[in-house]
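> The structure that follows is given in the form of structure tokens.
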Amino acid sequence: MISLVIEKYAPPGNGLGFYQDKAVFVPQTAVGDEVLLTIEKEKKRYIIGRLEEVVKPGSKRRKVPCPYYVVCGGCDLLHLSYSDQLALKKEMLVQVLAGAGILEAVNMVAAPSEFYYRHRALFRSDHETGDFGFLRRRSHQVAVVPDCLVLAQGLKNLLKELAVSPDLPKKTTACYGLASSGGDFAAAVKVGRNFQVLPGIPETVMENYGFGDLELAASGFAQVNPAITRLMISDLLQYCVDVREVSELYGGSGTFSLPLATIARNLTVYESDHAAAARGRRNAARNGLENVRIVSGRVEKKALPKALDTLVVDPPRSGLQPVIIEKMVKSRASQLVYISCNPATLARDLARLKAFDNGFTLDSLNAYDMYAGTTHLEVMAVLKR
Ligand SMILES: C[S@@+](CC[C@H](N)C(=O)[O-])C[C@H]1O[C@@H](n2cnc3c(N)ncnc32)[C@H](O)[C@@H]1O
């Protein structure tokens, strides 16, 4: 057992102390904590520790509000007060950006609610034990969490339904759940590479972020936190007040397309998932938006419109491929709004964009606490030229 004091934080959300000149990273610790830990992994220059006991809590530590926190891998920051979580996440974002040479002030947007915000979740099941829940911390085993502190009521209702469902396939390992703000739920089970719908449980829900009814599917992409999504939409529209010709890359089923279509003259949306693109078309038609064109297929293979003043991109965690960055730089767009769920790839892409002579220059950065209690963040970067 090693005893040390946590001196600072290190991405992604670990406490950092020192033992015999080696850096020791310990999850679930706060600055000032005096802890006992065991070694989980030891390398030449650092150790990954497992927290065994907080001997003396640091001033930043709070009483953990969830009894499953030690085992469940869903949250990583519940031992910090909410304001300290925000400060830590902001600092981590600033560090990641600085590492790529991006020095820009970050405006941190707090979540309207720290708990019960999660409307989309990936549940896991163990077909040997029958356990159903989330993955355990750093493990492929299932942690059963009878009452999760961050799940929205709709997902809790789904869990109740699944608990009595005789139709959950025996070999289920991953079940995607989605709940609307109104409390409706949907589910899709991953069987091999395909999704399977469960009898009696819908595949889609209707969400409304204030710009018309939006059909979202449990098997497709949907934003996790509707309250934060509404704030992001409101900021996005502010940045796009005077836009006319807009292209939205990675549009999904239309979360940002419906609001953008209310202010753009023409909106072209690119989405590789054909089912999501089809939902996007239905969502636009349902809301009478005739100025939206949805192009399905990988955006790398598609041409951007010649007339274009604003680009909005919301790529997966892997970020933008160099070919997309080139396409954007060659386009006539004078503004780029980059929405990202991964600070590391965002920082990389901002650095790549900066390297072009006629590239975009960073104008503002907002970080949204879409996933309170975890180290994850959603970021909106606005670039101009
Ligand atoms: C982070 S999600 C954003 C979706 C949408 N903006 C929303 O908020 O609901 C990324 C989306 O990009 C799509 N996607 C991934 N790779 C793509 C590609 N190469 N070309 C076009 N779309 C892609 C995914 O299917 C997914 O719907």
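The values are calculated or read from the model by the stated rules, or taken from the named source; none is laboratory data. These numbers come from a predicted model, not from an experiment. Every residue, glycine as well, gets a Cβ built from its backbone with ideal geometry; the counts of neighbours run over all protein chains shown. Ligands, DNA and RNA are excluded from the accessible area calculation, which covers all protein heavy atoms including side chains. Shrake-Rupley method; radii C 1.70, N 1.55, O 1.52, S 1.80 Å.
> Going by accessible area, probe 1.4 Å, with all protein chains left in place, what is the ranking of 119, 376, 140, largest first?
Working: 119 25, 376 80, 140 170 Å².
Sorted descending by solvent-accessible area, the residues read 140, 376, 119.
> Which of the pairs 8/60; 89/354; 90/330 have their Cα atoms more than 22 Å apart in this structure? Please report the intermediate quantities before stating the final value.
Numbers: 8/60 11 Å; 89/354 24 Å; 90/330 32 Å.
Those over the limit are 89/354; 90/330.
> Enter the angle in degrees (range 0 to 90, nearest 10) between the Cα long axis of helix 274-286 and the first principal axis of the Cα atoms of the chain, meaning the one along which they spread out most.
With rounding to tens, the tilt is 60 degrees.
> Using only alpha carbon positions, build the gyration tensor of the chain, then give the equivalent ellipsoid semi-axes as the square roots of 5 times its eigenvalues, largest first, whole angstrom.
Numbers: eigenvalues 260, 164, 61 Å².
Working through the eigenvalues yields semi-axes of 36, 29, 17 Å.
> Quick check: pseudo-label points 7 Å beyond the Cα along Cα→Cβ at residue 46 and residue 282, how many nm apart are they?
4.6 nm
> Just to be sure I understand: with springs between alpha-carbon atoms less than 10 Å apart, which residue in 83, 272, 340 has the highest mean-square fluctuation in the Gaussian network model of the chain?
83
> In a Gaussian network model over the chain where Cα atoms closer than 10 Å are linked, find which of 15, 192, 373 has the largest mean-square fluctuation.
Sorting by GNM fluctuation, first place goes to 192.
> To continue, here is another question. Which value, in Å², gives the accessible area per residue of region 2-61 when a 1.4 Å probe is used on the protein heavy atoms?
On the way: 3420 Å² over 60 residues.
On a per-residue basis, region 2-61 sits at 57 Å².
> Ignoring ligands, DNA and RNA, what percent of the accessible area of region 120-217 is carbon or sulfur (1.4 Å)?
Working: 2480 of 5060 Å².
That share works out to 49 percent.
> A follow-up question, please. Tell me, what is the FRET efficiency for residue 140 and residue 1 to the nearest 0.05, using R0 = 25 angstrom and their Cβ-Cβ distance as r? The partial results should precede the final answer.
Details: r = 26 Å, r/R0 = 1.06.
Taking R0 as 25 Å, the efficiency between residue 140 and residue 1 is 0.40.
> Measuring from label point to label point, each 7 Å out along Cα→Cβ, what is the residue 241 to residue 107 span in nm?
The two pseudo-label positions are separated by 1.2 nm.
> Could you please put 176, 371 in sequence from largest to smallest accessible area, using a 1.4 Å probe?
Working: 176 55, 371 35 Å².
In descending accessible area the options line up as 176, 371.
> Would you mind telling me the share, in percent, of accessible area of region 2-61 contributed by carbon and sulfur at probe 1.4 angstrom?
On the way: 1650 of 3420 Å².
Percent of accessible area from carbon and sulfur atoms in region 2-61: 48.
> Something else about it: So what are the radius of gyration and Dmax for the Cα set of region 1-132, in Å?
16.6, 50
> Quick check: the angle from helix 153-163's long axis to the longest principal axis of the chain, C-alpha only, nearest 10 degrees?
Approximately 70 degrees, to the nearest 10.
> What whole-number value in Å² describes the accessible area per residue of region 251-359 for a 1.4 Å probe?
Result: 43 Å² per residue.
> Oh, and also: Please give the FRET efficiency for residue 62 paired with residue 184, using the beta carbon to beta carbon distance and R0 = 35 Å, rounded to the nearest 0.05. Present the calculation step by step, with values, prior to reporting the outcome.
Numbers: r = 34 Å, r/R0 = 0.96.
In this case the efficiency is close to 0.55.
> GNM, the chain, Cα, under 10 Å: largest mean-square fluctuation among 90, 43, 56?
Sorting by GNM fluctuation, first place goes to 43.
> For region 2-61, state what percent of all Cα-Cα pairs lands in each successive 10 Å bin, counting from 0 Å until the bin that includes the largest distance.
P(r) over region 2-61, rounded to whole percents: 27, 61, 11, 0.
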